[in-house]
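What follows is a short report on a single structure.
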Amino acid sequence: MLRERFGPVDTADRAHAPVVVAIDGPSGSGKSTVSRAVAARLGLSFLDTGAMYRAMTWWMLANDVDVDDPEAVAVACGKPVIVSGTDAVGPTITVDGKDVSGPIRGPEVTAQVSAVAAVPAVRARLVELQRGCAGVAERGIVAEGRDMGTVVFPDATVKVFLTASEEARAERRATELRAKGVDEATITAMAADLTRRDAADSSRKTAPLSQAVDAVLVDTSRLTLEQVIDRITALVEEQAGLSSV
Ligand code: DC
């Protein structure tokens, strides 16, 4: 399908055009870890767009903006200066110069981010920043999120939609949380929150989570992380004419 859309792969041509690899999928599909590893293997930049929505939400909460009021969020969303460092080996995210990589993973931000991400003005602002990151990526970029292949990079060189069964996603999340010493009641509550967030992200009006028609579907339920990374790296090598560094 991709071949039809882009014509035959011309490795020489592609060596000059920066490659964009768009990876979308629900929470817990392994997107972030996989995208970052593929970017590192191929010497590409890496962009975690969920972190940008989280950073915007963190700023709204820190500045007492009512995140349940879409108009208030829309009015305020031009104010924070959000900068994503796209080195796959050590990605960073700052808001107004402050490193927020820790706080954006906290429960307050996680509980509110879907509401903020549903506001069209927020999406318009962050999409512009995301395209800017791709524009300055020397060799190319792996961008992961919910609307990379459908909205942000409709002409991406390679599009992947990562999925996993709800059970597999919940189990992975629980394993991660147990390893961090989180108690079972909190793990159950977080699983419910994950389901709620996925439903909200998939049903919102603007840029809902959905598979682009020309994306390759990869179900990770029965694959190890290494297997998923190998499969996607091979796909990018083949479709973008790139090789590992
Ligand atoms: O991938 P994540 O869980 O860190 O994403 C945080 C939230 O941001 C998630 O609820 C969906 C939203 N998001 C989005 O709407 N569009 C994106 N491109 C990336 C994330």
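The values are calculated or read from the model by the stated rules, or taken from the named source; none is laboratory data. Predicted model, so just to flag it, every value in this text is computed and none were measured. Counting neighbours? That spans all protein chains shown, and the Cβs are built from the backbone with ideal geometry, glycine included. All accessible areas refer to the heavy atoms of the entire protein, side chains included, with ligands and DNA or RNA removed. Shrake-Rupley method; radii C 1.70, N 1.55, O 1.52, S 1.80 Å.
Considering only beta bridges that DSSP places wholly inside the chain, some 25 percent are antiparallel.
A simple spin-label model places the labels of E166 and T206 2.8 nm from each other, with each point 7 Å out along Cα-to-Cβ.
Placing one equal scatterer on every Cα of the chain and applying the Debye formula, the log10 ratio I(q)/I(0) at q = 0.08, 0.09, 0.11, 0.14 Å⁻¹ is -0.30, -0.38, -0.57, -0.93. Over all directions, the projected convex hull of the C-alpha atoms in the range 103-243 averages 9.7 nm² in area. The relative contact order of the range 135-210 comes to 38 percent, based on Cα pairs under 8 Å that sit 6 or more residues apart. The GluC sites (Glu not before Pro) of the range 72-152 that DSSP puts in a loop, and whose beta carbon has at most 12 other beta carbons within 10 Å, are E138. Note on K79 and D155: their simple-model spin labels are 3.7 nm apart, each label 7 Å out from Cα toward Cβ. With a simple spin-label model that places each label point 7 Å from the Cα along the Cα-to-Cβ direction, the separation between T175 and V89 comes to 2.8 nm. Extension gain for the segment A121 to E226, taken as residue separation times 0.36 nm less the Cα-Cα distance, is 34.1 nm to one decimal. Measuring against 28 Å, Cα to Cα, the residue pairs K31/K180; K159/K180; K79/K180; K98/K205; K98/K180 contain K159/K180; K79/K180; K98/K205 as the ones spanning a longer distance. Per residue, the accessible area of the chain comes to 47 Å² when a 1.4 Å probe rolls over the protein heavy atoms. Taking the chain as a Gaussian network of alpha-carbon nodes connected by springs under 10 Å, the highest mean-square fluctuation of the residues V81, V136, V182 belongs to V182. A DSSP coil position with no more than 11 other Cβ atoms inside 10 Å describes the following trypsin sites (Lys or Arg not before Pro) in the range 160-213: K180, K205.
Close amide H contacts of V20 (hydrogens built in the peptide plane, cut-off under 5 Å, sequence separation of 5 or more or a different chain): I141, T157, V158. Helical content alone sets the calculated 222 nm signal of the chain at -15000 deg cm²/dmol, taking -39,500 (n - 2.57) per DSSP H segment of four or more residues and averaging over every residue. Available extension along the chain between D68 and R105 is 11.4 nm, counting 0.36 nm per residue and deducting the alpha carbon span.
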